[in-house]
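Single-structure report; data block below.
The values are calculated or read from the model by the stated rules, or taken from the named source; none is laboratory data. In this text, all values refer to a predicted model and were calculated from it rather than measured experimentally. Cβ coordinates were reconstructed from backbone atoms using ideal geometry, including for glycine residues, and neighbour counts include every protein chain displayed. Protein only, heavy atoms only, side chains kept; ligands, DNA and RNA dropped before computing areas. Shrake-Rupley method; radii C 1.70, N 1.55, O 1.52, S 1.80 Å.
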Amino acid sequence: MKKNRDILESIIWAFFIVLLAVILSRMEFGLLSVLVFGLGLGYILQRSRFCIASAYSDLVLFKEGKLFRALIIFILISTLGFTLVELSGDGQGFVVAVGGHTILGAILFGCGMVLAGGCAAGTLMRLGEGYILFIPVLVGLIGGSTLGAYHYNYWGTAQSFSKTVFLPDAMGWPLAVGMQICFLIFFWLVVRHLENK
Amino acid sequence: MADYYLDLTGFVCPVPLIRTKEKIKELAFGDILSIKTEHPRAVRNIMDWACHEGYSFDVDDEENGVWRITLRKGQEEYNESQ
Amino acid sequence: MKVNKSSFGIPYWVGAVLLGLLNTALFYVSSKPWGITTAMSFWGGEATKFFGTSPENWRFFAELQLAQAGGFQPLMAGTLLNAGLILGVFFAAFIHNEFRFRWPRHGKQYLAALIGGLLMGYGARLAGGCSVGALVGGTASLSLHGWIFGIFLFPGVWLGLKLAQKYLY
């Protein structure tokens with residue numbers, strides 16, 4: 001019974017956030033809508049105890065994939081939503097070059113998020129929950145991402161050699177979206193299977 | 001029947017579940033392990049794991065942001081009397 | 001007070017659906033998916049100005065300014081989003097009586113936290129986004145880099161766990 005109340009609260013909160021943000025974005029101080037979105041995302045993150053670092057480490061360490069499957073659902077819903085927004089004409093998604101630097105960056109990031117105990121969103125979330133430990137993580141994040149931006153003078157050149165792959169350009173919208181959804185469902189089932197073993 | 005206690009305050013995931021799993025190996029069936037943690041995600045992590053193992057458990061809210069998980073190693077129904 | 005076992009927050013998948021919807025709405029409103037670390041680069045870039053650098057000449061910021069011309073300013077928007085997120089978490093934790101200052105157990109945790117943060121920040125700049133920006137935002141934008149990032153997080157996490165089990169846990 002209380003479970004339903006918490007879910008209901010979260011749904012109402014998310015709905016209210018979207019409504020307020022869309023209204024604000026139509027007004028003069030449109031940038032404030034982003035702050036409102038932050039409030040909504042933070043609230044849902046805290047209530048659902050969502051954490052991408054744990055999603056990965058639980059799966060690798062304990063073969064516990066509940067959170068990882070939720071992460072796949074998160075990506076699935078975002079894919080559907082982003083596709084609708086992009087097809088309705090507004091907004092260009094986040095498409096950057098893919099190459100060796102992506103692989104190196106992902107490995108560094110994965111290693112870092114285990115050592116730190118949370119990914120970038122997790123760090124902000126834990127700060128909001130009052131963790132002192134995540135203050136040095138934030139300092140490290142700022143330092144690392146600044147150093148990365150500084151070295152981008154070099155990495156940017158490396159990136160300009162690798163290709164930007166936007167799947168709809170490569171295979172058309174229906175196939176790209178369809179394949180992505182199939183892959184996501186496939187991975188969901190794989191994780192589910194690993195879990196039951 | 002013995003009672004064990006595990007203080008996991010100050011740890012973030014995945015440490016709480018690792019420590020819990022290490023500790024539970026020392027327990028005999030029927031022993032009770034009481035875990036204290038401040039990490040909200042660890043509570044759910046340990047609850048999910050205990051459900052999966054079939055251990056009966058209880059979660060108490062000790063003070064703001066501190067939880068105590070009492071779990072019993074064993075398959076039987078845990079009739080606690082706290 | 002006894003906690004109802006099934007009422008400890010909302011289930012992961014409900015959170016995932018709501019986060020996905022919020023992410024979509026954010027994309028619709030700001031034409032930019034949810035990202036976190038880009039704003040942090042700006043904070044750090046501003047800070048290096050004290051040492052006499054001119055970050056606006058850095059290629060990273062120059063490219064970003066070019067891409068974002070006229071739209072939402074990446075510095076302001078990112079900072080507001082991050083600030084809102086922390087406030088939202090605080091609000092949620094506070095009204096559910098879950099907020100408290102949580103101190104780490106060992107001193108070495110601070111060092112691991114700092115190193116982890118540095119690796120994450122640098123990796124995010126190399127790969128083009130953090131776990132939220134690249135993995136969720138990139139994949140949802142149907143960019144291949146999101147998939148590659150998501151897959152190669154696994155060896156990174158495995159390596160991190162090995163290191164952590166040796167020195168940290």
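In this simple spin-label model, placing a label point 7 Å from the Cα along the Cα-to-Cβ direction at both B:E63 and C:Y110 gives a separation of 2.3 nm. Spin-label pair A:S88-C:F51: with each label point 7 Å from Cα along the Cα-Cβ axis, the two points sit 4.6 nm from one another.
For the protein assembly as shown, pairs of C-alpha atoms spaced more than 37 angstrom apart make up 22 percent of the total.
In this structure, the residue pairs whose Cα-Cα separation is over 23 Å, taken from B:K25/C:K166; A:K63/C:K32; A:K66/C:K32, are A:K63/C:K32; A:K66/C:K32. Which of A:P168, C:G160, C:F90 sits farthest toward the positive end of the charge dipole of the protein assembly as shown, with +1 on the Cβ of Lys and Arg and -1 on the Cβ of Asp and Glu? Most positive-ward Cα: C:G160. The Kirkwood hydrodynamic radius of the range C:23-169, based on inverse pair distances between different Cα atoms, is 17.6 Å.
Nearest 500 deg cm²/dmol is fine: what mean residue ellipticity at 222 nm does the protein assembly as shown get from its DSSP H runs of n ≥ 4 alone, each adding -39,500 (n - 2.57), divided by its residue count? Walk me through the numbers before you get to the answer.
On the way: 17 runs with 290 residues, N = 448.
It comes out at -21500 deg cm²/dmol, rounded to the nearest 500.
For chain C, what % of the accessible area comes from carbon and sulfur atoms, probe 1.4 Å? Present the calculation step by step, with values, prior to reporting the outcome.
On the way: 4890 of 6930 Å².
Answer for chain C: carbon and sulfur cover 71 percent of the accessible area.
Near A:T164, the amide H atoms lying under 5 Å from its own belong to A:V98; only residues 5 or more places off or on other chains count, and H is placed 1.01 Å from N. Distances between placed amide hydrogens fall under 5 Å for B:G74 paired with B:G30, B:S56, all partners being 5 or more residues away or on another chain.
For the range A:51-196, divide the Cα radius of gyration by the Kirkwood radius and give the resulting Rg/Rh value with two decimals.
Values: Rg = 17.6 Å, Rh = 17.6 Å.
So for the range A:51-196, dividing Rg by the Kirkwood Rh gives 1.00.
Remark: accessible surface ordering of A:I7, A:I44 (largest first) is A:I7, A:I44, probe radius 1.4 Å. Of the GluC sites (Glu not before Pro) found in the range A:1-65, those that fall in a DSSP loop while having at most 10 other beta-carbon atoms within 10 Å are A:E28. The relative contact order of chain A comes to 24 percent, based on Cα pairs under 8 Å that sit 6 or more residues apart.
With both residues required to sit in the protein assembly as shown, DSSP beta bridges show an antiparallel share near 75%.
Sequence-distant contacts, meaning Cα pairs under 8 Å at least 6 residues apart, place the relative contact order of the range A:1-48 at 37 percent.
Rounded to a whole number of µm²/s, how large is the Stokes-Einstein D of the range A:1-48 at 4 °C and 1.567 mPa s, given Rh as the Kirkwood radius over C-alpha pairs? Mind showing how you got there, number by number?
On the way: Rh = 11.2 Å.
The calculation lands on 116 µm²/s.
Accessible area buried by the pairing of A and C, both sides summed with a 1.4 Å probe, works out to roughly 11200 Å². Taking label points 7 Å from Cα along the Cα-to-Cβ direction, A:L8 and C:H96 give a separation of 1.7 nm.
Of the chymotrypsin sites (Phe, Trp or Tyr not before Pro) found in chain B, those that fall in a DSSP loop while having at most 16 other beta-carbon atoms within 10 Å are B:F29, B:Y78.
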